[in-house]
Structure formats: structure tokens, C-alpha cells
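Notes to accompany the following structure.
Derivation of every value follows stated rules applied to the coordinates shown; laboratory data play no part. Remember, it's a predicted structure, so these values are computed and weren't measured experimentally. Don't worry about glycine lacking a Cβ; one is built from the backbone with ideal geometry, like all the others, and counts go over all protein chains shown.
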Amino acid sequence: MRINARTLPFLATLGVFILLYAVCAIQYPSMLSARVIGNLLTDNAFLGVLAVGMTFVILSGGIDLSVGAVMGFTTVALAVMIEGAGLHPLVSFAIVLVGGAAFGCGVGAAIHWLKAPPFIVTLTAMFLARGAALLLSTDSIPVRHEFYQTLSDLSLSLPGGGRLGLIAMLMLLAFVVGGVLLHFTRAGLRVYALGGNARFAGLMGIDTARTTILVYGVSSTMAALAGIIFSLYTRSGYALTGVGVELDAIAAVVIGGTLLSGGVGGMAGSLIGVLIQGLILTWITFDGSLSSWWTKIAIGMLLFIFIGLQRLILQFSAPTGRTG
Amino acid sequence: MTEPAATLLSARGLTRTYPGVRALDGVDLTLRAGEIHALLGENGAGKSTLINLLTGAQPIEAGSIHLDGREVRPRSPADAAASGIVAVYQEITLLPNLSVAENIYLGREPTRFGLVDRARMRREAAILLSRFGLSIDPAQPLSAFSTAVQQLIAIARAVDMSARVLILDEPTASLDSAEVAVLFRLMRELAASGMAVLFVTHFLDQVYEVTHRITVLRGGKLVGERKTAALPRLDLVAMMLGKLPSGDNHLQRHAAREPGAPFVTVKDLGKRHLVAPFSAGIRRGEVLGVAGLLGSGRTETALLLFGAERADAGEIIVDGAAVTLRGPRDAIRLGFGFCPEDRKLDGIVPDLSIRENIVLALQARLGWVRRLPLARQRELADTYIKLLNIRTPDAEKPIQLLSGGNQQKALLARWLATKPRLLILDEPTRGIDVGAHAEIILLLEKLRDEGMALYVISSEVEEVAAYADRVMVMRERRQAGMLTGEEVTPSAIIDAIVTPVDMPPPGRAA
């Protein structure tokens, strides 16, 4: 029953998702089609990839406000490298991924060794990345390289006429790899340990410096991957891409049952969290009469309900008192 | 008990200094294979610092540690664990959000093809725990279990990390007697298997029940190492509280003085689960000393007297009239002041300046509307800095930059600025260097001579015996005696601390 108390937030999220989907399907039967499902995954691929990184960060007890800016910078950097410098997209992809990882490791190192709150350090990183992106270009730069066309033709056919594009597959792959790393490796367990109590983790012999650097390194790498996905999706680079999406990613992770205070949660929930956000947006699009900003209001209400639910679960499941 | 064999761990001359105080000063410790060894001392004796050095939680400043004849110099708890020294603390330092199995194997999980083998981890955890008499599901989160079980899990983890030396820091503080029995059986088994167990506690009964040898620290220095069986309890307490061999006392007891008028009288004041009813009287110009071991209820008496805890029995009479204390504000209004024991936790505001820390209590009494003018604040601060000889270039430095002794003096100044009629001091000389000790004691005597009533809690029996007119002795959360006049000697205080209380505590103050 303890296990239930811990997985309850995830089960609640899953229940909400199924319920929501059922309501949508009854109202608009075409929402069950493979095409809509394919689009749901494709349209939210960048958010899903960000949520994979954010899951690591929040589980470790931190927060990363820089991912939207890093994603925006990546789209501009790709456009400049491919269109301006004439680099092959694959080379450019490798450069932004390595650059993103290095940037995140720097952020993690600053958080650990300066003993600074992650909120402040990643806020600083957000300004740096956004400012650097605007320095590269304030205009939207189209990417016309034919390799982009090749990539967007790559897809798996789904039964019923839909297709699973490359970027949707990339997102699902990110969730699988992230999930394995988090749940089945020593490094993943260290992330949970750090989020449970950083001081105790240190006393138990966990290398907290390495773990913090890993967590923010993963987060920024995922942000760079999200930038690649967004670049493929829009075939352009624009410095103001992804303003505020870090908050959508945080919302997806929390709705997915991960405690904002760290240490409890998992990867599968974050995927559901992303899909719930996408589903609400799709439903509003189908409806046609509602402003798309209703998505934000719905997400806000959902978050509120989930945070209240988590509070209740914590109160009922921890009568022995937490030592932290 | 069989005589333990060869030396397993030998620490020599361990030293560690914090700003302004030498927390550990050339301490030796010898642990033999197969022995349970008690580490004893009052608060601030250096026990925690010694553990921190042994486990690599803090770097060693001077001295050496040899394990099995080989020098080890642990740089971190992980490093110490790798060489075989592991500590388990009273505060469970495991992770409540992880499962029991994950807690046991964190950092050394069994893997298969690079991935954590959870099934094997659970299986091995269950086998390990069954050796410790625990049949629980290792897949459950740690937070599902009681403190006692968590403690055993922590020990299981420590032992499984091939510990040679197991340090148990106050492991019994939150256990009931049946759980303590289980722990002791386990400790004996572990010792019998060739480990050395260092047992840190303040329960003397448990020391005599389970240990072979005792090392006593006091004020950061080694007092001595004795065989438990050959050390009477009286001598042990004398070692802990720093009683010198008779005739060796450098502190001269002051001459008898004319007592002043009765000021505060406490009658059967008590609170359930906190401290049994006690009675005492304090006159103007008199020092009432309060002696007792750690956990004897000595601090709790002060909390009741200051209104920080509400009494559920008895009364406090001030100047002949009964008063009710609903909180510290009431006590402050009556002219009481309180310097708590842990100045870092309850006393100083580290980031504020010395001046701001000094005027804090006075300003609080005036209320925030009548703000003290800055010039007056400066004048007050400068007066007390000079009077108490607080060593600082100026009053505007953050108080956290001062040494422990000077912080203590600034805290005293805070209450002196309110011109209190009764000043309650909890361990005023703890954690400060020897020179500052003498200064604080001189100051207390001066305040007393000026007519202030003082209520001084101290574990320094020699000092208390020198400056207190009367001494209330606490033991096991009840009043164990009241010594007056010629009775106030270090030996009499220690006798009263050690002698079990058979009768109900005396109902009336002397």
C-alpha cells in the first residue's frame, strides 16, 4: 500500500489522461485516429524532450529555468551554421549537442561549487543563452538545406493513415533512454538520492558534485535536442523561440507525479504530463471557438489540483515522520 | 566479557580548530578488535569533532589515524568507509524516499550488463536484513519503517560495507528499552566477530551494561581511557565534569556574604514529560548554580522559569507575588533575561552587526514603535564592548566574525543592556577558550556583587562550586538535591549527580 501511495500521483495522472481522451473521443471521434495521435506526438516533441531533462532536474531537488532559452539559442545557432557557414546539418547537430552538454555541466558545476540556488544560477543561464541568441540574429532565419527535407520524409506509417515522423520518434527515444538512465542505472539512483536529502547522500558516499553536474548536463543536452527538433519542425531559427516553455516543461513533470521538492516521481509520468497538455490544446483546436489561451488556464487548474493531491498524499503516507 | 585482543584503530594527537576555539586538542583514541568502547563527554567536549575526523567528514589538522597498523587519512565519509570506518548517527542519515534495498546498496548497487539488478539487490538485502533479525520487505520505502528499524537498517548498511570500525553516535536516544536490547545484542555479536564498536552516548547505565572500555573527553581534550569494570561511576562522572583531585583546585571559593532579599521563589514548578516539579529560591545578589549531566533536565528548568515552556504545575513567586508566565515576553517584562546554551541556534543573529545583536532584547522590550536612536545604540554597544572586553575593531562587524567567547560576551551584553533583575545563563562557558572562561566568571561575580540574581546552568563543577551560593542538582529530569553554603563542593555535587533518587524530590527550597 506504501508503493501505491507513491505511485498514486502517476496513476491519478494516467486516469485523468484516459478520462480526458475518452471525453475528447466521444465529442470528436476523429481524435482517435492515428493521424491525430501522430500529430499529438509530433507537435509536442520539443516539449517532451525538455520534460525528459526537467524530470532529472526536479527529481534531484533542483529547477532549470534555462531550457527554453537554450532551445531558442540552438535554433538560431543551427540556422547560422547551416545557412551562414554552410556546415552539414549533422555536423551542426553534433556541435549544438556537445555545446549544450558543456553549458549544462557548467551550470551544474556553478550550482554545486558556488552553493548557489539552482533558481538563480539557471535564471542567469537563461539570460545568457537568450542574450547570445539575440546577438547571433534578431531575425527569423529560414533553413533551406535539402537534408532537412530528407529528414522530414523519414517516418513510420501508422495503421489508419497516420505517420510517426522523425521528431516524434526522437522524443519517444529520449523518453526511453532517459527512463532507462533514470530507473536502471547507478547514476539514476544517485539523482533520487540527491533529491531525497543532499547532505545525507553525501554522508552515504554519493559524489554530489558529479551528480549535480550530470543532472544539469542532461537537462541542457535535452534542451539542445529540443532545439534541433524545433528547427526541423519550423525549418527556421529564431532567437525568441521557446519563451516560457521551461514553465510548460516544469508543469508537465509536476502533473506527471514528480514532487517539486525532489526525490519522488518518474519518467513515465512526465510523458503523460506532456500528452495531457497536448491533448487539451488539440481539443481546443477541434472546438474551434475557444481561444488557444484556454490551454494555459486548463493547465493552471490541473497543476493546482495535482499539487493539492500530492500534498494530501504526502500527509497520509508519511506518519512516521520524514528525517529530512 | 573476554579481554579484547589486538589494537585495531589507533588515533594519535588528533587536533581540529574552529575560529576562536580548539574543538579537539591532541586527542588519542585506541580501539581494540572485539571491543565495545564508550566515548563520553558533555556537550562541546569534542565527541562530534572526533567522529567527524575519523569518518573524514572534516579534514584532520594534526595527528594521525592508523587502522591495522596502516595509516589512513580519510578525505570523505566514502573514503573512510572504503578503509573500514563507518558511522551511524542518531539522526538517521538514510534517504526516506528510497527503498530499503536502495538505501543499503546506494553507491555499490549490483549491476548486470551495466544496469542495476534490482531483483538481486532486493534478494541480497532481504538476506542481509534477516541476519539482523529484520524480516521486512526491502522494496518498501524507508519512510515506511520506525526509527528503530531505520537505525538497524543503517547499521546493516554500515556492517555490509565491510566495516572494521563501527561508530554509533547516540544510537539509543530515540529507542525504547526493548529496541535497545536488540541493538545491544547486535553490538555484542558484531564485536564478537572482530569489529570494534565505538559507542557514543550520555546514558551511563548503558555504558556500564555494554562497554569494555571508556574514553572520556572534556573541553576538546582527552581526560583518560579506563576499563569500564574498573571505573566506579563516581569517578567517571568526575572525569566527565572535570573535577580535579582534591586539594588541586585553583578556583577559590568566595567568602560567605550577607544574602540579599528573596527575589524569585519557585515552588514545585514542573511540566509533564519535560521535568518533574522542582523548587528553588534565588535572592538578589546571589548565584544559584544548576548542575547535572546532559539530559538531566537542567536546561528544561530554565525554559520553565523563562516561560519558553509553559509549566503545568507549581508557581513562580516574584517579590512576594505569584506570577503567571504565558511566554518569554512576560518573563522579560518581569526583568528576566536568558542566554541559551546553543548560541548559534537560539542566540546570535549571525548576519547582523554586533551593535544590532546587543540592542536586540532592549529594543524588543521597548516595542518597535519606540525605536532606539542610532546614537544611543552606538553608545550602548560601545559601552558593553569596553565593559566586557569584546575583541572587535568596531561595533558594526557582523557578529559571526567574532570568536565563540566574544559571541558569548555579546549575547551577555544583549541581556545586560535590558538591566535584568534575574539573568538565566545556560552553559555560559561552553565552547569558548580558557581565557574567556575566566573573564566570563569574573563578570558573573561582578554582576552578582552589584545585586543581580543569577541562575547559572553549568557542567563545569569546579567553576560552579567556586561562584555559586547554592547549587541545585538535577538527575533524570528531577531535582536530586539542593546544596547550600559549605555543602557546595565539587565532590558533593558529583555525589548528588550520581546517587540515584529514591525518594520524591524535596518539596521545598533550602
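Label sites at B:Asn389 and A:Leu135, each approximated as a point 7 angstrom past Cα along Cα to Cβ, lie 5.9 nm apart. With contributions of -39500 (n - 2.57) from each DSSP H run of at least four residues, the per-residue ellipticity at 222 nm computed over the protein assembly as shown stands at -15500 deg cm²/dmol. Result for chain A in a Gaussian network model with C-alpha springs under 10 Å: among A:Leu189, A:Leu59, A:Leu41, the largest mean-square fluctuation is at A:Leu189. Note on B:Arg75 and B:Asp382: with the Förster distance fixed at 51 Å, the Cβ-Cβ geometry gives a FRET efficiency of about 0.65.
How many angstrom separate the Cα center of segment A:157-185 from the Cα center of segment A:63-128? Result: 23 Å between the Cα centres. Along segment B:286-297 the Karplus relation, 6.51 cos²θ - 1.76 cosθ + 1.60 evaluated at θ = phi - 60°, assigns HN-Hα couplings of 9, 10, 9, x, 10, 10, x, 7, 3, x, 7, x Hz to successive residues, with x for each Gly and Pro. Averaged over the residues of B:138-148, the number of partner chain Cβ atoms lying within 10 Å of the residue Cβ comes to 4.
Each of B:Lys221 and B:Thr484 was given a label point 7 Å from its Cα along the Cα-to-Cβ line. The distance between the two points is 3.6 nm.
Long-range amide H contacts for B:Val473: which residues qualify at under 5 Å (H placed 1.01 Å from N, peptide plane, sequence gap of 5 or more or a different chain)? So B:Val473 has HN proximity to B:Ala291, B:Ala480, B:Gly481, B:Met482, B:Leu483.
Mean partner shielding of peptide A:261-270, defined as the number of other chain Cβ atoms within 10 Å of each residue Cβ, is 1. If I build a Gaussian network model for chain A, linking alpha-carbon pairs within less than 10 angstrom, which residue out of A:Val36, A:Val121, A:Val23 has the largest mean-square fluctuation? Top of the fluctuation ranking is A:Val23.
Please identify the helices of chain B, taking whole runs of DSSP H, that span at least 15 Å along their own axis as judged from the Cα atoms and have a mean Kyte-Doolittle score of -0.5 or higher. Intermediate results must be reported in sequence, preceding the final value.
Working: long enough: B:118-131 (20 Å, -0.53); B:147-160 (19 Å, 0.91); B:177-192 (22 Å, 0.93); B:354-366 (19 Å, 0.67); B:374-387 (19 Å, -0.42); B:404-416 (18 Å, -0.43); B:434-449 (23 Å, 0.59).
Membrane-span-like by this criterion, though nothing is claimed about a membrane: B:147-160, B:177-192, B:354-366, B:374-387, B:404-416, B:434-449.
Computed over chain A with a Gaussian network model linking Cα atoms closer than 10 Å, the most mobile of A:Ile167, A:Ile276, A:Ile206 is A:Ile206.
Each of the peptides A:105-117, B:358-370 was scored by the mean count of other Cβ atoms within 10 Å over its residues; in descending order, highest first, they stand as A:105-117, B:358-370.
Could you sort A:214-224, B:416-426, B:103-113 so that the peptide with the highest average Cβ count within 10 Å comes first and the rest follow in order? Mind dumping the intermediate values first?
Working: A:214-224: 28.8, B:416-426: 21.5, B:103-113: 17.7.
Top to bottom by mean Cβ count within 10 Å: A:214-224, B:416-426, B:103-113.
Amide H to amide H distances under 5 Å link B:Glu35 with B:Val197, where only residues 5 or more positions off or on other chains count and H is placed in the peptide plane.
Taking label points 7 Å from Cα along the Cα-to-Cβ direction, A:Ser152 and B:Glu396 give a separation of 6.5 nm. Within 10 Å of the Cβ of each residue in B:107-115, the mean number of Cβ atoms contributed by other protein chains is 3. Computing FRET efficiency as 1/(1 + (r/R0)^6) for A:Val176 and B:Asp176, where r is the C-beta to C-beta distance and R0 is 56 Å, gives about 0.70. Separation of segment B:222-241 from segment B:90-133 is 40 Å, based on Cα centroids.
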